[in-house]
Structure formats: structure tokens, C-alpha cells
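The values are calculated or read from the model by the stated rules, or taken from the named source; none is laboratory data. In this text, all values refer to a predicted model and were calculated from it rather than measured experimentally. When we count neighbours, we look across all protein chains shown, and the Cβ atoms used for this are built from the backbone with ideal geometry, even at glycine.
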Amino acid sequence: MRNRKHLLAGLLLASSVAALPALAREAEPAEPRASLSAEASSEVGQDTVEITLAAELSGASQTEVAEALNQRLDSVMKQAKGHQGIEARSGSYRIWPTTDRDGKIAEWRGQAEILLESRDFPAVSKLAASLGDRMPIAGLSFSVSRERRAAEEQKLLGQAVEAFKARAQALTQALGFAGYRFRTVDLGGQGAAPPAPMPRMMMSAMAADKAAAPVEGGRERVSVSVRGTIVLLPK
């Protein structure tokens, strides 16, 4: 019994001694820190357009609709491919039944899309118009290419870093500290969402006479942000 008491007392004493360094560290005053952020942004012209071509067919059976839709897609895709600077790829594809009042299948309908993407706006507009008799234009969307966005973000990075350093220096002086050092730094970037596609009815009307649809992109906001924590150094 006596040995057990001595053992318990020893364990308690060892635990107390081990806790002293931790308590001492917690008692030490923490270095003052501050969290800051800065951003640099610019408006960049959208240099890429994506034109959506769509075809919708109906028939008595699923097989009939699928075959007709596939033939239409093959025909348009063969003509769309092979143009320098224009990427043609498949979009959505679906076939579904429609029912009558009794719940029986009245007919089958199918819809398919082909997407044309290019930086050559006049060329892709002319191509889309030439395909409009089989697959009318159903939508337009514009964006900034990866290459242009990367180049712009590279320029904005230096501006954002300089803005962050200026804010850190101003805060340090305003609070009466001798200087600062970086503790953490995080980079971020974002771009505004491209404008919504033009309504299907309007786009189909533009392609009806096979004249090239007017294609002109807008501008998109590109930004780079710097966030971080600094440690304030006393005089």
C-alpha cells in the first residue's frame, strides 16, 4: 500500500514538472500580428467565342430519331472540322418520348448540339451561318483565353504584391512599430463570369438568312489578390 502511494505521488510530481515548460510558454507575450489583403485588377477583352449549333428532330420511334439525328450530326461535323483556328466538338445529346392524354407514347424527340470555339470571330461566324440550314445557332458565349488570362495575371501579381507591402508598411508606421516580417502569404485570382448566351429564338433568326451573325466580345474583369499575416517588430 505504501509503495502504491509513493508511486502515485511520483507520477503527480512528474506530471507537474512536465507541465511547467508549457505553462511558461503560454505565459510569454505573443508577438503582435496583423492580417492584411490587397488586390489588383484590370478589364481584359474577351478573345474567344463559343457558338452553339443545335438540331431538334421528331419521329415515330426512338431508332428513327436517333438515326436521323446522327446523320445530321455527322454531316455538320464533317463540314465544321478542318477549319484552321476553329475547334468543333460535340455538345449535349438526348432523346426522349412525348406522351398523349392516355399516357401512351405519341412520338419521340431528339436534340443534339455541336460547339464551335475560336478566336477568329469573322471566320467562325461565317462557318456557323453556313451550317444554319441544318443546325441553327442556338447560343453565343464569350470568354478570355487561358493564355491571355495568364499573361494578365502575371502583370497584376506584381501590382498586388506592391499594394500589399505598401499597406503593411503604412500599418506598421501608424502603430509605431519599427518594421514587420511576413508570416503567411496566400495568392488568389478570379475573373467575372461571361455574359449569358443570347436567347435561342434571336440566334436562330440571325442565322435564318445564312448571313454571318455579328460576333463581338465584351470585356472581363481579371484580378489577383494577396492575403497574408505579418508580424510587427518593436523598436
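List of remarks:
- Given (1) out of contact with any Ser or Thr (no Cβ under 8 Å at 6 or more places or on another chain); (2) within 18 Å of Gln46 (Cβ to Cβ); (3) of a type in the set (Phe, Trp, Tyr), index of the condition Phe177 fails: (2)
- In the set (1) within 25 Å of Ser37 (Cβ to Cβ); (2) modelled with pLDDT under 95, Ala163 fails one condition alone, (2).
- Selected residue (only one of Ser41, Ser35 is in contact with a helix residue (DSSP H, G or I) (Cβ under 8 Å, 6 or more places away or on another chain), in contact (Cβ under 8 Å) with a residue 40 or more places away in the chain and over 25 Å from Leu127 (Cβ atoms)): Ser41
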